[in-house]
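Read the structure below first, then the notes.
The values are calculated or read from the model by the stated rules, or taken from the named source; none is laboratory data. Keep in mind the model is a prediction, meaning the values are calculated, not measured. A quick note on method: Cβ atoms are made from the backbone with ideal geometry, for glycine too, and the neighbour counts reach across all protein chains shown.
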Amino acid sequence: MDEHIWATVARLKEWLAESNPAPDRTHRTMRVLKLTEEIGEVAQAVIGATRYNPRKGAGHTWHDVEQELCDVILTAMVALRTLTPDAGKVFAERLEHVASRSLP
């Protein structure tokens, strides 16, 4: 994955740490928990895009779903970078592992 992306993720991680002077242990926990919040926003966008809840109407589009999915990916990347400075390597190794067992 592009080194520029991981450099930006590292900058975001540092910005978040500077914004909240909690212990590292708290940062790790909260960044992983933040994924749950972001996944909930994806679900809310899908429900809105499909008009599945007639009481709320069509409050979202599929573009909103795309944006929320990007937020999930970014949040996971920041969480992984919080756990390890080698996040790019860890991700690349995991991607290769999953691809090698899944793809012909």
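Descriptive notes on the structure:
- Failed item in (1) touching a residue at least 12 places away in the same chain (Cβ under 8 Å); (2) within 25 Å of HIS4 (Cβ to Cβ), with HIS60 passing the rest: (2)
- Residue in segment 54-63 that is within 22 Å of ARG28 (Cβ to Cβ) and surrounded by 14 or more Cβ atoms within 10 Å (Cβ to Cβ) present: no
- Pairs with Cβ under 8 Å, 6+ apart, first in segment 1-25 and farther than 22 Å from PHE91 by Cα, second surrounded by 10 or more Cβ atoms within 10 Å (Cβ to Cβ): ASN20/HIS27; ALA22/MET30
- Among the residues of segment 64-82, the ones that are aliphatic (A, V, I, L, M), free of Cβ contacts under 8 Å to residues at least 60 places away in the same chain and either touching a Pro at 6+ places or on another chain (Cβ under 7 Å) or surrounded by fewer than 16 Cβ atoms within 10 Å (Cβ to Cβ) (or both) come to 1 in all.
- Verdict on ARG55 being modelled with pLDDT of 95 or more and charged (D, E, K, R): no
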